[in-house]
Amino acid sequence: MNRPILNNKCYLYLTEFFAGMSVMAVELGASRLLAPYFSSSQIVWTIIIGTIMIAMALGNVLGGRWADRDRNPDRLYGRIVVAALWIALIPVVGKYIIIGISALLVFTVSSNFLVIAAFAACMIIFVFPLFLLGTVTPSLVKFSVDSLDDSGKVVGYLNASNTIGSIIGTFVPTFVSIPSVGTSITFLIFAGILLILALVYFASGKINKRKVAAGALIFVLALVLGHDDSFAFWEKDLTYEGESVYNYLQVYEDDSEVVLSTNVLFGVQSVYLKEKSLTGMYYDYAMAAPFMAGVKEKDNLNILVLGMGTGTFSLQCNRYFDNVTAEGVEIDDRITALARQYFELPEEIKVTTYDGRAFLQGLSSMKEGAGRERKLYDVIMVDAYQDITIPFQMSSTEFFNLVKENLTEDGVMVVNMNMRSDGEKGINAYLSDTIASVFSEVSTVDVRFNTNRVLFATNNSAYRDKLANGAEAEDDPDLRRMMRTVNEELRTYQPGSLILTDDRAPVELLSMKAIDAIIKDEVDYYKDIFKTEGIKGLIDR
C-alpha cells in the first residue's frame, strides 16, 4: 500500500532518525530503571547493552526478511506502534516485573543473583520493543532504494539519520529529561514521539479507526498509570524520592534518624541521628582516624572526605572535636542539596562537586610559591564505594599514591569497605594489598552487626599509640568507649600480592562475588522461614 507521505523520502529518513533516538533513550532509561534494584555497575551496563544488541540483531535479520516478503510499509509502521505502546507500558509494569523476577529467583538461584535477575529483567522488559525497532533500518532500505545507482547514497542518509537520532537520544535523557522529569516520564516522552510518527503515517491514507482508538486508549492509560516515578512503590512515607544525573535517591526518616539510600533493595549510604549521638555504624569506627593523626596534640586538624554523601562523618568530627576543619568532595550535587535540606549539613562545611580522584589530582598539580603553601590533610576518608559500584579509578595504586601525596607526614587515610569479604582473593583482600603497597602501616576493624570493614593506612608507626592515648584523654564517655573498642579489635593487616592498577582493576567482578555472598546469607534466612512457616510466615516477616 503506497501512501502519499512516502512520496518524499524525507519521512523515511525522519523515521530512521526517531527510531535511532528512541533506541538510545530506552537503553539509558533501562539503566535507570534497573539501577535502584541492581546498581548501575559496569556489569549491569554490560547486561543492558548485550541484551539490546541481541534484540537489534534479531530485528535486523527478521526485518530484512519481512521486507523482502512484503513491501507494504503499513507492516513496519504497525510494528512501530506496538513498540511505542510497549515502551509506554514500561513505567506502568516494569518495576513490578523486576520485583517479581527478583522474588522468584531469590528462592531458586544460589549464586550470581544480580547478574541473572538483571539479565532476566532486561530480556522480558526491553528485548521485544527494541527487536521491533531493530526491524526499521532493513525495512526502510527496502522502501527507500529505487535503483542500484543511488543505493549507496540512500543507505548513507539512513545511517546518518539513525546516528544523529542516537546522539540526541543519548544526551537528552541523561542531561535533560531524566534529571528534570524522571525515568518514567522519559519513557513516555519517547514512546509518544514514536506513536505520533506512526499515526502521522497512517493518517496520510486509509486508517483503521478501531486500531487507532485501541492504541490511543493504551497510551492514555500508560500516561495515567505510568507517570509515578516511585521505584520503592511499597513505601508510603518517604520524605523524598527522586533522580539526579548520577543516582536514584531516596530519603526516609522516623523519630530518631534520617537515612539516604541509592538502592531500594540493599544498601544504606548515609544515616543521621536526630539526637546527635554516635550512629553505631562505620562512621563511629572511622572516628579513630583523627585520634591516630594526633587530634589531641594539634591546634588544627584538616579532614577531607572523598564521597561526602550527606556529611555524617564530617558532622561527627565537628561535633566531637573543636579543632577540626572538615570538607568534602561529592560528585552528585543533588546529594549535597539533600544533605543541606534534610541532614543538617551546615553551609560552613565546604563541599566541592567533583570526582574524588580528579580533585586530588588537581591538588597534587598545584605548585607552592609566592607565599602560598599547598594544603595537605591530616585525615583523608575514602567513602566512595557504594554497594557493587566501586569506582575502579579509586581502587588502584595510582589513586592511593595520590592520597598519600595529599596527606601530612603523619596523616592517616581511612577507607570504608562496605562489603566485608573474608576470602583470600576477595575484593577487600585486593584493596588491602593495594593499599599496603603504598602505605607502610595498614590495619582493619570489622563493624559490629554490619557488613562494613574500616581500614586505616598511614606511614606513621606510632598511630596505634596515638589512638590509645587519645582515647584515654577523650572527655566524651561514648566516644571514649567507641575508641577503646576500635583499639581492641584493630588488626594489623598482613599484605599479599593482589595489586590493583589503573590498567587492571576488576573491582566490579570482585564486588559482585562479595555482594552475592551477602545476598545468599540473607536469602537463606528467608528460605528457612518459608520452609517452616510457609508463605504467611514470610509475609509476616
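Applying a threshold of 6 Å to beta carbon distances and a minimum spacing of six or more residues, or different chains, the list of pairs starting in region 1-24 at a residue that is under 18 Å from residue 67 (Cβ atoms) and ending at one that is of a type in the set (Val, Ile, Thr) reads 11/5; 19/136. Applying the selection to region 67-93, what residues are modelled with pLDDT under 90, assigned to a helix (DSSP H, G or I) and not charged (D, E, K, R)? Within region 67-93, 67, 73 qualify.
From the list 47, 80, exactly one residue is surrounded by 21 or more Cβ atoms within 10 Å (Cβ to Cβ) and touching a Phe, Trp or Tyr at 6+ places or on another chain (Cβ under 8 Å). Which is it? So that I can check it myself, show each step before the final result.
Working: 80 fails: touching a Phe, Trp or Tyr at 6+ places or on another chain (Cβ under 8 Å).
Result of the check over 47, 80: 47.
Scanning region 434-451 for residues that are buried (at least 19 other Cβ atoms within 10 Å of the Cβ), of a type outside the set (A, V, I, L, M, F, W, C) and within 20 Å of residue 399 (Cβ to Cβ) gives 434, 443, 444.
Residues in region 272-297 that are touching a Leu at 6+ places or on another chain (Cβ under 8 Å) and within 14 Å of residue 258 (Cα to Cα): 272, 278, 279.
Quick one: count up the residues across region 350-366 that are part of a loop (DSSP other than H, G, I, E, B) and of a type in the set (Ser, Thr, Tyr).
Keep residues of region 350-366 that are part of a loop (DSSP other than H, G, I, E, B), which gives 353-355, 366.
When the remaining residues are screened for being of a type in the set (Ser, Thr, Tyr), the result is 353-354.
Going through region 350-366 one residue at a time, the tally reaches 2.
Considering only residues that are among the polar types (S, T, N, Q) and touching a residue at least 24 places away in the same chain (Cβ under 8 Å), which ones fall in region 492-541?
Scanning region 492-541 gives 492, 497, 501, 511.
Among residues that are part of a helix (DSSP H, G or I), surrounded by fewer than 21 Cβ atoms within 10 Å (Cβ to Cβ) and small (Gly, Ala, Ser), residue 214 is included.
For every residue, the table says whether it meets (1) within 20 Å of residue 76 (Cβ to Cβ); (2) surrounded by 15 or more Cβ atoms within 10 Å (Cβ to Cβ).
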site: 123; (1), (2): no, yes
site: 130; (1), (2): yes, yes
site: 137; (1), (2): yes, yes
site: 150; (1), (2): no, no
site: 153; (1), (2): no, no
site: 161; (1), (2): yes, yes
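Is it the case, given these coordinates, that residue 352 is in contact with a Ser or Thr (Cβ under 8 Å, 6 or more places away or on another chain) and hydroxyl-bearing (Ser, Thr, Tyr)? Answer is no for this residue. Candidates are the residues of region 1-57 that are within 23 Å of residue 168 (Cα to Cα) and not in a helix (DSSP H, G or I); the one that is nearest to the chain's Cα centre (by Cα) is 40.
Could we say that residue 249 is touching a Gly at 6+ places or on another chain (Cβ under 6 Å) and in a strand (DSSP E or B) here?
Details: touching a Gly at 6+ places or on another chain (Cβ under 6 Å): yes; in a strand (DSSP E or B): yes.
Yes: the conditions hold for residue 249.
Residues checked against (1) modelled with pLDDT of 85 or more; (2) under 16 Å from residue 92 (Cβ atoms); (3) touching a Gly at 6+ places or on another chain (Cβ under 6 Å):
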{"site": "192", "(1), (2), (3)": "yes, yes, no"}
{"site": "201", "(1), (2), (3)": "yes, no, no"}
{"site": "207", "(1), (2), (3)": "no, no, no"}
{"site": "215", "(1), (2), (3)": "no, yes, no"}
{"site": "232", "(1), (2), (3)": "no, no, no"}
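When we screen 184, 180 for residues that are in contact with an Asp or Glu (Cβ under 6 Å, 6 or more places away or on another chain), assigned to a helix (DSSP H, G or I) and in the same structural domain as residue 74 (by TED's automatic domain parsing), the only hit is 184. Scanning region 81-114 for residues that are under 12 Å from residue 125 (Cβ atoms), in contact (Cβ under 8 Å) with a residue 40 or more places away in the chain and of a type in the set (Gly, Ala, Ser) turns up just one, 94.
Within region 240-254, the set of residues being buried (at least 16 other Cβ atoms within 10 Å of the Cβ) and either among the hydrophobic types (A, V, I, L, M, F, W, C) or in the same structural domain as residue 339 (by TED's automatic domain parsing) (or both) comprises 249, 251.
Scan region 452-472 residue by residue and report those that are surrounded by 13 or more Cβ atoms within 10 Å (Cβ to Cβ) and assigned to a helix (DSSP H, G or I).
Of all residues in region 452-472, those surrounded by 13 or more Cβ atoms within 10 Å (Cβ to Cβ) come to 452-460, 462-464, 466-471.
Residues satisfying the conditions are 463, 464, 466, 467, 468, 469, 470, 471.
List the helices (runs of 4 or more DSSP H) inside region 264-341, counting only whole elements, that have at least 2 residues being within 22 Å of residue 453 (Cβ to Cβ), under 23 Å from the mean Cα position of the chain (by Cα) and not small (Gly, Ala, Ser). Working first, answer last.
Numbers: elements: 282-286, 288-292, 312-320.
Because the criterion is at least 2 residues that are within 22 Å of residue 453 (Cβ to Cβ), under 23 Å from the mean Cα position of the chain (by Cα) and not small (Gly, Ala, Ser), the helices (runs of 4 or more DSSP H) in region 264-341 that meet it are 282-286, 312-320.
Against the condition within 29 Å of residue 39 (Cβ to Cβ), touching a residue at least 12 places away in the same chain (Cβ under 8 Å) and outside the structural domain of residue 486 (by TED's automatic domain parsing), how does residue 269 come out, does it pass? Before the answer, list the steps.
Working: within 29 Å of residue 39 (Cβ to Cβ): yes; touching a residue at least 12 places away in the same chain (Cβ under 8 Å): yes; outside the structural domain of residue 486 (by TED's automatic domain parsing): yes.
For residue 269, the condition - within 29 Å of residue 39 (Cβ to Cβ), touching a residue at least 12 places away in the same chain (Cβ under 8 Å) and outside the structural domain of residue 486 (by TED's automatic domain parsing) - is met.
Here residue 475 clears all of (1) outside any helix (DSSP H, G or I); (2) of a type outside the set (A, V, I, L, M, F, W, C); (3) at pLDDT 90 or above except the condition numbered (3).
The values are calculated or read from the model by the stated rules, or taken from the named source; none is laboratory data. Quick caveat: nothing in here was measured; it's all calculated off a predicted structure. Virtual Cβ from ideal backbone geometry, glycine too; neighbours counted across all protein chains shown.
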